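Here the structure is laid out as structure tokens; the discussion comes afterwards.
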Amino acid sequence: MKSVFFGAVSATALIASAVHAEPKAEVLHWWTSGGEAKSVAVLQEEFAAQGGVWTDMPVAGGGGDAAMTALRARVLSGNAPTAVQLKGPAIQEWYEEGVLADISSVAEAEGWADVLPASIAGHMKCDGTWCAAPVNVHRVDWIWANAAVLEANGIEMPTTWDEFNAAAEKLEAAGIIPLAHGGQAWQDATVFEAVALGILGPDGFQKAFVDLDMDTLKSDEMKAVFDQMRTMRGFVDPNFSGRDWNLATAMVMNGEAAFQIMGDWAKGEFIAAGKAPGEDFLCASVPGDGFLYNVDSFAMFDVEGEDNKAGQELLAELIVGQNFQKVFNLNKGSIPARTDVSLEAFDSCAHLSSKEMTESSDNGSLLPSYAHGMALRGAQAGAITDVVTAHFNSDMSSDDAVNMLADAVANSM
Ligand code: BGC
């Protein structure tokens, strides 16, 4: 009798403690630039307003390579963070390791399937369960420009690579750095995939960087992509090596450089510095058709403790919530992942992104970014980036580059 009684009490106490669990989350992310930090602060504030206790684990390094190294170390030591900025096939790779938490109960209660496009929802699922929460849609294939510099030099936003090259030569002659770039592998890859989309076209991009088709990887068109990369290398200043992407954006802002090819997190930097699109800076998709998407998301890792589990549920709910998707993306430069968030408060670049995303989705040219981990597993993406960087930083011929590319991809499979 006594033990039954105590059993009943402790069960109730357990339920009560679960209900009153104080939501806690240690959040690993790589949002450390001005615009990024402002954006992630929105989530921290919403979490705190709901009683959550946030432990920040920022790992600086654009593109997230350093953050992913830190994640691996934490998981291997049996001490995974509660929530992690993770995206693309890396989500499924971690799921296969058996270390992700299932957030289907939140997704179902919040009706995510009704408010997310199927293409985005697909990235958030692991064996039919929800294993990540999407934050946004970043577009990668953008050119950013200093409006006053272009105007002073009688230059329009380029609509072909030839126009880009002609504009760059003119700027160089006028003493302006044509292309602001940071020599880091992920930035080389970002420029490369934007050039590749323009030159290979959406079908060629799909064959090369999604299907890993050997003929396309070794094609004359791919040689033309490397030729253009060699030309671009000539438009970069001598101090580009190792420079962070946001410092390259600052060079465009202050007129030291004219263009940057970068995803629209660069817009987050312009906005955080009080610059206005169409006035201070210009945005245009890179020459050619198609749209390269990069969806940031958070995955929850399997951790002990009711407080941590409550924190994961609260975070997942907030991340896909309408208010967060609006305010975060206004700061971040991206557009909401949810389809039911009004874009009224968003600027012309965001409107262009949304319009071209819909069009490219309708005509089959909406493509995952390989450089930002949306298209391929880590080994394949890494193999491609190694070749891109080796080519950019040497005098390797385009012939050698395509052969090396095909070999590297074949060896990575
Ligand atoms: C992420 C962005 C981030 C950028 C620079 C990209 O891979 O998706 O959210 O701002 O890297 O760090």
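Every number in this text was worked out from the coordinates using simple rules, so none of it is lab data. Since the structure is predicted, the reported quantities are computational estimates derived from the model, not experimental observations. With ideal geometry, Cβ positions are generated from the backbone for all residues, glycine too; neighbour counts draw on all protein chains shown.
Applying 1/(1 + (r/R0)^6) with r as the Cβ-Cβ distance of Thr231 and His20 and R0 = 45 angstrom yields a FRET efficiency of 0.10.
Taking the centroid of alpha carbons for each part, the stretch 54-84 and the stretch 366-397 are 22 Å apart. Under 5 Å between amide hydrogens, built in the peptide plane, is the criterion, and for Ala284 it picks out Ile143 among residues at least 5 positions away or on other chains. Computed from label points 7 Å out along Cα-Cβ, the spacing between Leu343 and Ala49 is 2.5 nm.
Within the shell defined by Cβ-Cβ distances under 12 Å, the residues around Val53 carry a net charge of -3, with Lys and Arg each +1 and Asp and Glu each -1. Within the stretch 295-344, the GluC sites (Glu not before Pro) that combine a DSSP coil assignment with at most 15 other C-beta atoms in a 10 angstrom radius are Glu304, Glu344. Between 0 and 90 degrees, the angle of helix 185-209 with respect to the longest Cα principal axis of the chain falls at about 80 degrees.
Computed from Cα atoms, the angle from the helix 34-49 axis to the main principal axis of the chain rounds to 10 degrees. DSSP bridge analysis restricted to the chain gives an antiparallel fraction near 55%, rounded to the nearest 5. Coupling constants for the stretch 287-295 follow from the phi torsions by the Karplus curve (6.51 cos²θ - 1.76 cosθ + 1.60, θ = phi - 60°), and in residue order they are x, x, 8, x, 8, 9, 9, 9, 9 Hz; glycine and proline get x.
With only Lys, Arg, Asp and Glu charged, each at its Cβ (+1 for the first two, -1 for the last two), find how big the charge dipole of the chain is about the Cα centre; round to the nearest 20 debye. In debye, rounded to 20, the chain gives about 820. A simple rule links phi to the HN-Hα coupling: the Karplus curve 6.51 cos²θ - 1.76 cosθ + 1.60 with θ = phi - 60°, which for the stretch 162-174 gives 4, 5, 4, 5, 5, 4, 5, 5, 5, 5, 4, 5, 8 Hz, with x for Gly and Pro. Here the Karplus relation 6.51 cos²θ - 1.76 cosθ + 1.60, evaluated at θ = phi - 60°, turns the backbone of the stretch 379-389 into coupling constants of 5, 6, 4, x, 4, 5, 4, 4, 5, 4, 5 Hz, with x for every Gly and Pro. Protection proxy ranking, highest mean first, for peptides 387-398, 355-366: 387-398, 355-366, where packing is the per-residue count of other beta-carbon atoms within 10 Å, averaged.
Taking amide H as placed 1.01 Å from N in the peptide plane, the amide H of Val53 sits under 5 Å from that of Lys24, Ala25, each at least 5 places away or on another chain. Between Ser297 and Leu86, Val135, the built amide H atoms are under 5 Å apart, and every one of these is 5 or more places off in sequence or on another chain.
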